[in-house]
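Please read the structure below before turning to the comments.
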Amino acid sequence: MRRFAGLFSATLVCAQMTVWLAAAPAAAQDYTHPKAMSLPAPAFQRPAAADLQLVLDNGLVAYVAEDRRAPLVTINAYIGAGSGHGAPGSAEAMAAALRRGPAGMTQAAFRAALADMQAEYTVTLGHEETQLSLDVLAEDASAALELMASVIRAPAFAPQAAGPSVSEASAGVAGGIDYASSLQGAIDLFESRLFEGHAFGRRADGSSAGAKALHEEMAGGGNITLAVAGDIDPAAARRQIRELFAGITDGRKDAGSVFEPLAPMTSRSLLLADVDRDQGWVVIGHELPAIPPEDEAALHVMDYILGAYHLDSRLYRSSRELRGLTNDNSSFLQPGVRGPGSYTFRTYGRPEAVRLLVDVTFRQLALMRDTRVTEDELFVAKGALVDGIYAERYATGLDAANAYAVEWLRNGSHDRSASYPARIAAVTAEEVQAAARKYIHPDRMTIAVVGPLDRIRRAPAMEGEAQLEDYGKSPRR
């Protein structure tokens with residue numbers, strides 16, 4: 001389903017733009033403020049979770065949704081086990097086994113089965129969760145569901161035949177892209193410092209000894225959710241899910257278990273990587289503690305105004321619209337589930353612009369903490385979060401099934417998302433500023449810069465910005 005989504009969206013946007021351009025000469029531009037337009041209240045209602053949900057006796061919860069936009073079916077499985085679980089290397093080895101396919105098939109046979117179905121199969125290992133995703137043509141949905149069940153029940157812990165796993169074979173050499181000399185390199189550099197000494201920062205040691213035990217402990221029915229959506233007969237899919245997944249053991253996890261929090265940095269730190277490129281990449285940020293439900297709405301509103309999701313944020317306007325330094329300067333709010341997360345601000349630009357980008361970013365962070373947002377900013381953010389982002393999360397059968405599956409795995413209910421629109425609507429400007437002061441700490445951020453360091457240092461200052469090393473020093477209080 002994912003491989004056609006971009007083409008579908010692009011085609012729709014082009015069609016809409018064609019209509020708009022054709023009508024533009026005859027239409028006068030309307031400068032009326034949205035608050036004065038008497039717009040009708042949005043009528044979006046997300047599909048009821050209970051209508052999609054299927055609960056098996058072993059605790060496995062699936063969400064099945066009909067979505068006939070294209071003759072495709074997507075099967076996503078979410079397991080509540082990630083790189084932070086088990087002994088070092090065991091989660092990585094478990095993910096590798098899941099990539100190889102089921103224990104009853106050789107890797108060659110598994111790859112051939114996927115090729116016959118023209119399937120896209122991926123396994124993504126996160127800190128706390130593992131996602132398996134299988135996209136197939138609708139005519140192969142039944143066979144794909146059976147294949148997914150076989151992989152989850154008994155993955156191939158030992159390679160039965162020489163050669164790379166499915167994911168390794170499809171990735172090759174990452175398309176010739178040098179990710180270390182890119183924004184991803186800056187992210188990796190930042191996270192290596194952020195999670196140093198923590199379970200989330202462990203490196204795989206090549207051992208697979210604990211992989212099977214981790215799978216037996218964590219890949220049980222109570223720790224797995226499924227999202228099955230596309231051009232399907234929901235009743236038939238439900239019957240097949242019951243047949244294929246009923247045999248998985250209960251394996252319920254302790255929902256109260258948590259990972260150790262990260263100790264907050266006490267001062268700024270600077271991480272540099274010198275690469276011979278015509279661009280520099282910057283990641284600035286710090287740890288993010290677990291977010292209590294009562295802080296979530298104000299934090300999301302604050303993050304939207306500052307730099308998330310869109311092209312009219314404070315970071316974007318100050319870096320691109322006013323100065324033309326970059327194509328992007330965005331915030332990334334990434335909370336953990338039962339462990340720590342991160343809050344980062346990411347940008348990039350020509351070497352001559354890197355120091356000013358760092359300076360502008362810090363200025364905007366300070367401004368968010370020190371001043372209240374405007375009523376217009378609050379109005380736009382609330383509308384965008386509820387009528388845009390929240391609605392989009394449940395806009396199609398595929399979207400809703402995935403959103404519900406992830407939420408159930410993490411929270412065991414849908415109460416938090418059900419109350420989200422009302423909580424966003426109630427946020428005040430005072431609460432937004434309080435969230436900024438609680439969750440943004442410019443004086444103890446880590447700054448990771450990947451780029452041609454000599455060129456960055458030698459560039460003339462455009463607005464009196466400091467040298468890189470100066471930004472690594474905590475400002476005087």
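The values are calculated or read from the model by the stated rules, or taken from the named source; none is laboratory data. All values reported here derive from a predicted model rather than from experimental measurement. As a convention, Cβ positions derive from the backbone with ideal geometry for all residues, glycine included, and neighbour counts pool all protein chains shown.
As a summary of the residue check, Ala70 satisfies the conditions (1) assigned to a loop (DSSP other than H, G, I, E, B); (2) of a type in the set (A, V, I, L, M, F, W, C); (3) at pLDDT 90 or above; (4) loosely packed, with under 15 Cβ neighbours inside 10 Å except for the one numbered (4). Taking the criterion of being surrounded by 17 or more Cβ atoms within 10 Å (Cβ to Cβ) and of a type in the set (A, V, I, L, M), the residues of the stretch 435-468 that qualify are Ala435, Ala436, Ile440, Met445, Ile447, Ala448, Val449, Val450, Leu453, Ile456, Ala459, Leu468. The number of residues in the stretch 400-414 that are free of Cβ contacts under 8 Å to residues at least 40 places away in the same chain and crowded, with 17+ Cβ neighbours inside 10 Å comes to 2.
One line per residue, one yes/no per condition, for (1) surrounded by fewer than 22 Cβ atoms within 10 Å (Cβ to Cβ); (2) polar (S, T, N, Q); (3) in contact (Cβ under 8 Å) with a residue 24 or more places away in the chain; (4) more than 30 Å from Ala418 (Cα to Cα):
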position: Gly280; (1), (2), (3), (4): no, no, yes, yes
position: Ile305; (1), (2), (3), (4): no, no, yes, no
position: His310; (1), (2), (3), (4): yes, no, yes, no
position: Gly336; (1), (2), (3), (4): no, no, yes, no
position: Ala353; (1), (2), (3), (4): no, no, yes, yes
position: Asp359; (1), (2), (3), (4): yes, no, yes, yes
position: Ala366; (1), (2), (3), (4): yes, no, yes, yes
position: Phe379; (1), (2), (3), (4): yes, no, yes, no
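Just one of (1) of a type in the set (Gly, Ala, Ser); (2) modelled with pLDDT under 85; (3) outside any loop (DSSP other than H, G, I, E, B) fails for Gly206. It is (3). Being under 23 Å from Ile248 (Cα atoms) and assigned to a helix (DSSP H, G or I) is a property that holds for Ser150. A single entry from Thr396, Thr374 fulfils the requirement of being of a type in the set (S, T, N, Q) and either in contact (Cβ under 8 Å) with a residue 60 or more places away in the chain or closer than 25 Å to Ile75 by Cβ (or both): Thr396. Scanning the stretch 43-64 turns up no residue that is farther than 30 Å from Ser413 by Cα and either at pLDDT 80 or above or out of contact with any helix residue (DSSP H, G or I) (no Cβ under 7 Å at 6 or more places or on another chain) (or both). Here the stretch 137-165 is the region considered, the condition is being modelled with pLDDT under 95, more than 28 Å from the chain's Cα centre (by Cα) and farther than 21 Å from Ala81 by Cα, and the residue that is surrounded by the fewest Cβ atoms within 10 Å (Cβ to Cβ) is Ala162.
Just one of (1) closer than 28 Å to Ile232 by Cβ; (2) touching a strand residue (DSSP E or B) at 6+ places or on another chain (Cβ under 9 Å); (3) not hydrophobic (A, V, I, L, M, F, W, C) fails for His127. It is (1). Pairing each residue of the stretch 32-43 that is not assigned by TED's automatic domain parsing to the domain that holds Ala422 with any residue that is in a helix (DSSP H, G or I) and aromatic (Phe, Trp, Tyr), provided the two are 6+ apart or on different chains, yields C-beta distances under 9 Å for Pro34/Phe379; Lys35/Phe379.
Can Ala229 be described as within 23 Å of the chain's Cα centre (by Cα) and farther than 29 Å from Gly89 by Cα? In short, yes.
The condition (being small (Gly, Ala, Ser), under 30 Å from Leu54 (Cα atoms), touching a Phe, Trp or Tyr at 6+ places or on another chain (Cβ under 7 Å) and part of a helix (DSSP H, G or I)) is satisfied by just one residue among Ala381, Ala391: Ala391.
Only residues that are over 30 Å from Ala237 (Cβ atoms) and modelled with pLDDT under 75 were counted in the stretch 7-33, giving 16.
Name the residue that is nearest to Asp387 (Cα to Cα), counting only residues in the stretch 421-477 that are in a loop (DSSP other than H, G, I, E, B) and among the hydroxyl-bearing types (Ser, Thr, Tyr). If we take residues in the stretch 421-477 being in a loop (DSSP other than H, G, I, E, B) and among the hydroxyl-bearing types (Ser, Thr, Tyr), then Thr428 is nearest to Asp387 (Cα to Cα).
For beta carbons closer than 7 Å, sequence separation of 6+ or different chains, a first residue in the stretch 192-204 that is touching a residue at least 40 places away in the same chain (Cβ under 8 Å) and a second that is in a helix (DSSP H, G or I) and buried (at least 17 other Cβ atoms within 10 Å of the Cβ), the qualifying pairs are Ala204/Glu92. Scan the stretch 73-116 for residues that are more than 30 Å from Ala403 (Cβ to Cβ), crowded, with 19+ Cβ neighbours inside 10 Å and either more than 27 Å from the chain's Cα centre (by Cα) or modelled with pLDDT of 95 or more (or both) and report the count. Count: 3.
Put simply, of Ala459, Ala434, Ala429 the only residue that is within 21 Å of Glu287 (Cα to Cα), more than 24 Å from the chain's Cα centre (by Cα) and not charged (D, E, K, R) is Ala434. Report yes if some residue within the stretch 125-136 is in a helix (DSSP H, G or I) and surrounded by 17 or more Cβ atoms within 10 Å (Cβ to Cβ); otherwise report no. Within the stretch 125-136 (the criterion being in a helix (DSSP H, G or I) and surrounded by 17 or more Cβ atoms within 10 Å (Cβ to Cβ)), the answer is no, since none of the residues qualifies.
Of the candidates Ser318, Ser331, the single residue that is in the same structural domain as Asp376 (by TED's automatic domain parsing), touching a residue at least 24 places away in the same chain (Cβ under 8 Å), hydroxyl-bearing (Ser, Thr, Tyr) and buried (at least 22 other Cβ atoms within 10 Å of the Cβ) is Ser331.
Counting only strands (runs of 3 or more DSSP E) wholly contained in the stretch 255-358, the ones carrying 2 or more residues that are of a type in the set (S, T, N, Q) occupy 329-334, 341-349.
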